[in-house]
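Okay, so here's the structure we're looking at.
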Amino acid sequence: MNRTENGSQALGPETDVLDAALWGLRAFITGVCILGIAGNGAVAWLLGAHVPRAPYCVYVLHLALADLLFLLCAVAVLQLDPASLAYEAVKRVKSVADTAGLGLLTAISVQRCLSVLFPVWYRSARPRHLSSTVCALLWALAGLANALLAALCVRHPSPYVLLPGERCFLLDFVFRLLTLGVFTPLMALSSLLLFLQVQKVARRRARRRRPTRLYSVILASVLAFLACTLPLGIYWLLIYLLGLSERANALLRHLGRLSSAAGCSVHPLIYFLVDRWRGQGRGRAPREPLGSVLQRVLQEEPELGPGEPPSPATGSTEGP
């Protein structure tokens, strides 16, 4: 009894510090999620009701919906008992939103890269409903993949359970590794090619035309994704490779949740910061409707330079 009490007293301060850190992280994650829910909800509402459905508006609308669903599930996960069936169900829905969001961000980057590298094909041969079709396919694939994971990892008192709980983590780890291994290189490569093509075109022109805001939005979104994905990947590796204590695992899990919540919450901020940065010195009204800001940020046409008359050829082939 004395040993137990002495051991408890010895571990007491460390336990209190970890508990305080976990509580603070949980509160901070909730605050980030609430801000992200408000921002992505506003973007989804504006794009769904007030902005014409241009190709990239469709992508960004679905990306905002995926981020919104992910953040709602992230808040719910913090409040639910990890041993409950509701926790597992919400976690699977969160994984669907996460997978779809990753695919949508990759699709945006790849399509914009193709529109710059192959402008003739993009203007003449691109399928009319390509954006809507790609979004539907990504949602369907994310749902089917996570439904299969849920079927393999379901927990109930039955001798027909296919995989025990310990293996479910390994299955989730492999699935996450595969999705990141497929989507992240495509996203990074297409963004790099887009950046190089922009610099190449800009050097050729006698009169430099500023790239579209859409170009800046894509690059900023990809960089934000990579910055938030790296800590999340480190978290998965540490959980899987190291035999850490339950409280240490919980701390790493919360840090991973914070990273993913920040990655989903930053997109609306990127849209409006890019427009504000690119609109400096142009004399725009300070209280412009948010729908007009989004429409301008997501347009494909290149921005005309000062005093440059509009040209009939101005379009997706003129610049990124």
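Residues checked against (1) modelled with pLDDT of 55 or more; (2) open to solvent by 20 Å² or more (accessible area, probe 1.4 Å); (3) under 26 Å from Ala224 (Cβ atoms); (4) in contact with a strand residue (DSSP E or B) (Cβ under 9 Å, 6 or more places away or on another chain):
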| residue | (1), (2), (3), (4) |
| --- | --- |
| Ala261 | yes, no, yes, no |
| Phe272 | yes, yes, yes, no |
| Arg276 | yes, yes, yes, no |
| Arg284 | no, yes, yes, no |
| Glu288 | yes, yes, yes, no |
| Val293 | yes, no, yes, no |
| Gln299 | yes, yes, yes, no |
| Leu304 | no, yes, no, no |
| Gly307 | no, yes, no, no |
Taking only the stretch 42-60 into account, find how many residues are out of contact with any Cys (no Cβ under 6 Å at 6 or more places or on another chain), over 22 Å from Gly31 (Cβ atoms) and open to solvent by less than 10 Å² (accessible area, probe 1.4 Å). 4
In the stretch 103-146, which residue that is among the hydroxyl-bearing types (Ser, Thr, Tyr) and free of Cβ contacts under 8 Å to residues at least 40 places away in the same chain is farthest from Phe183 (Cα to Cα)? Ser124
Matching residues in the stretch 61-87 - criterion: being more than 20 Å from Arg247 (Cα to Cα) and open to solvent by less than 30 Å² (accessible area, probe 1.4 Å): Leu61, Leu63, Ala64, Ala66, Asp67, Phe70, Leu71, Cys73
Pairs returned, first residue in the stretch 59-88 that is of a type in the set (Ser, Thr, Tyr), second residue that is outside any loop (DSSP other than H, G, I, E, B) and open to solvent by less than 30 Å² (accessible area, probe 1.4 Å), beta-carbon separation under 9 angstrom, 6 or more apart or interchain, are Tyr59/Leu104; Tyr59/Leu105; Tyr59/Ala107; Tyr59/Ile108; Tyr59/Gln111; Tyr59/Ser131; Tyr59/Cys135; Tyr87/Val77
Determine, yes or no, whether Leu35 is closer than 23 Å to His129 by Cβ, modelled with pLDDT of 95 or more and either open to solvent by 40 Å² or more (accessible area, probe 1.4 Å) or in contact with a strand residue (DSSP E or B) (Cβ under 8 Å, 6 or more places away or on another chain) (or both). no
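The values are calculated or read from the model by the stated rules, or taken from the named source; none is laboratory data. Because the structure is predicted, anything quoted here is derived from the model rather than measured. Neighbour counts are summed over all protein chains in view; Cβ atoms, including those assigned to glycine, are modelled from backbone coordinates with ideal geometry. Only protein heavy atoms, including side chains, enter the accessible area calculation; ligands, DNA and RNA are left aside. Shrake-Rupley method; radii C 1.70, N 1.55, O 1.52, S 1.80 Å.
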